[in-house]
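Here is the structure we will look at.
The values are calculated or read from the model by the stated rules, or taken from the named source; none is laboratory data. Computed from a predicted structure; not experimentally measured. Here the Cβ positions follow ideal geometry from the backbone for every residue, glycine too, while neighbour counts run over all protein chains shown.
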């Protein structure tokens with residue numbers, strides 16, 4: 001079995017996340033995609049992030065109709081700062097019981113900052129990394145040695161961001177067609193981002 005792992009804040013999960021995940025799954029013949037919401041992302045320690053339970057609920061709502069998608073609450077249950085290397089080690093320990101090949105899926109914006117991650121060289125040795133293009137990121141700006149260790153996926157560039165969605169909500173603008181309908185209803189019902 002081949003499984004892709006996508007980590008992130010998912011605050012909130014949006015259609016860009018889902019479209020890209022589905023594209024990678026089909027393009028790389030993955031059997032499933034595992035979304036792993038971060039408890040406390042290292043790059044957002046000083047930023048306000050929605051409650052873990054709310055982000056987890058929105059993720060589950062967003063993927064419930066896709067049999068190839070699942071959510072792992074590993075980082076949220078572990079608590080504290082979420083480091084990708086720790087999560088990968090956790091998944092690989094499970095692999096000993098099951099025969100699973102894991103792939104880490106990241107955006108080009110994350111690849112640009114990859115050398116600042118915890119144990120980046122170990123991560124490159126531990127797992128195959130699939131990189132999706134992101135608006136405003138020129139992959140030619142990424143250092144060549146790093147690019148040689150990853151696979152660039154020629155996927156569509158979906159210019160939707162969670163921060164823009166949060167901003168639109170505070171400005172009383174529509175988020176229809178940016179997030180799944182169930183997620184949109186949940187956000188307004190719970191008054192998230194308002």
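With the structure loaded, tell me whether residue 192 is surrounded by 15 or more Cβ atoms within 10 Å (Cβ to Cβ) and within 25 Å of residue 18 (Cβ to Cβ) or whether it fails that test.
Values: surrounded by 15 or more Cβ atoms within 10 Å (Cβ to Cβ): yes; within 25 Å of residue 18 (Cβ to Cβ): yes.
Yes.
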Enumerated helices (runs of 4 or more DSSP H) restricted to the stretch 97-194, each holding at least 2 residues that are over 16 Å from the mean Cα position of the chain (by Cα): 120-126, 144-147, 162-170, 181-190
Subset tally (residues that are assigned to a helix (DSSP H, G or I) and either out of contact with any helix residue (DSSP H, G or I) (no Cβ under 9 Å at 6 or more places or on another chain) or surrounded by fewer than 19 Cβ atoms within 10 Å (Cβ to Cβ) (or both)) for the stretch 77-90: 6
Residue pairs meeting the criteria (Cβ under 7 Å; at least 6 apart or on separate chains; first without any contact (Cβ under 8 Å) to a residue 40 or more places away in the chain, in the stretch 162-186; second surrounded by 11 or more Cβ atoms within 10 Å (Cβ to Cβ) and in a loop (DSSP other than H, G, I, E, B)): 168/175; 169/175; 169/193; 170/193; 184/175
Subset of the stretch 59-76 that is in a loop (DSSP other than H, G, I, E, B) and within 14 Å of the chain's Cα centre (by Cα) - its residue that is surrounded by the fewest Cβ atoms within 10 Å (Cβ to Cβ): 73
Single residue of 123, 130, 139, 104 found to be at pLDDT below 90 and surrounded by 14 or more Cβ atoms within 10 Å (Cβ to Cβ): 139
Residues within the stretch 1-57 that are on the phi > 0 side of the Ramachandran plot, surrounded by 19 or more Cβ atoms within 10 Å (Cβ to Cβ) and either part of a loop (DSSP other than H, G, I, E, B) or in contact with a helix residue (DSSP H, G or I) (Cβ under 7 Å, 6 or more places away or on another chain) (or both), tallied: 1
Close pairs from the stretch 116-128: first free of Cβ contacts under 8 Å to residues at least 12 places away in the same chain and on the phi < 0 side of the Ramachandran plot, partner surrounded by 12 or more Cβ atoms within 10 Å (Cβ to Cβ) and in a helix (DSSP H, G or I), Cβ under 8 Å, at least 6 apart: 120/114
